[in-house]
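Any read-out appearing in this document is the output of simple, stated calculations on the displayed coordinates, not a laboratory observation. None of these values were measured; they are calculated from a predicted model. Because the Cβ atoms are built from the backbone with ideal geometry, glycine has one as well, and the counts that use them run over all protein chains shown.
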Amino acid sequence: MSDLVTAGAPGLQAVLWDMDGTLLESEELWDIGVRELSLWLGGPMSEETRTATIGASTPGALGIVFDSLGLERSPEALARARTWLYARMATMFADGLPWRPGARDALALVRSLGLRSALVTNTERELGDVALDTLGREHFDHSVCGDEVPAGKPDPAPYLRAAELLGVDPQRCLAVEDSPTGAASAEAAGCSVLVVPSLIEVPAGPRRTFRDTLVGLTAEDLHSLHALVTV
């Protein structure tokens, strides 16, 4: 383990990674899938509705789409929509998931420093496992998917669960996020948050710092970003 990591204890101990729009360019695929779902359900999706679904859990996103179309949220109808959407997304995920700039190197950096690492995504395990084949399971000690917690982002439950699995205090974790929903979840859990916006602007917050890209991220960056909002 590097001298930097040793010197940082009890500072930064783990990095918690969002997936869609943070590590992978999959938010653009979700954009296609959710828009097609809206058409399948009966009408085109407005930009306001699409923006509201970005970063949301699957149940949350489906509820937003149903409400926008004036549809009843019956359990049966929601289940059919979820099945349709996940079948469509599985096809697109299987065709290949491009990386976000600098993400692959950033994952490798965290591993080289001996920091613990977890994937924390609102995507359900069914698709999360497909994405992990691209990301490489060796980069993570654990992964938490949206259907494995009582509530998805923006609730803090996904990040609290990840910290619990790693055996780390959330305040010793740096979460990496791209959306307002994800940043709110990590912040509420007590993590410091590195925000690298993808499709939409993310507002400032008391535990948030911002970068335009993960390209060029260094060990010093990781520790200073965490320390900046925990002093």
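For region 99-109, the Karplus equation 6.51 cos²θ - 1.76 cosθ + 1.60, evaluated at θ = phi - 60°, returns couplings of 7, 6, x, x, 5, 4, 5, 5, 4, 5, 4 Hz by residue, with Gly and Pro reported as x. Here the 3J(HN,Hα) profile of region 208-218, calculated from phi with Karplus coefficients 6.51, -1.76 and 1.60 at θ = phi - 60°, is 10, 10, 10, 9, 6, 7, 8, 4, x, 4, 10 Hz, Gly and Pro shown as x. Once backbone amide H atoms are built at 1.01 Å from N, residue 99 has 25 as its partners under 5 Å, excluding neighbours fewer than 5 places away on the same chain. Ranking 154, 97, 142 by how far each Cα lies toward the positive end of the dipole of region 66-190 (charges on Cβ) leaves 97 at the top. In the chain, helical runs assigned H by DSSP with n ≥ 4 each contribute -39500 (n - 2.57); averaged across all residues and rounded to the nearest 500, the mean residue ellipticity at 222 nm is -14500 deg cm²/dmol. Remark: region 167-178, residue by residue, has Karplus-estimated 3J(HN,Hα) of x, 10, 5, x, 6, 9, 10, 10, 8, 10, 9, 10 Hz, where x stands for each Gly or Pro and the curve is 6.51 cos²θ - 1.76 cosθ + 1.60 at θ = phi - 60°.
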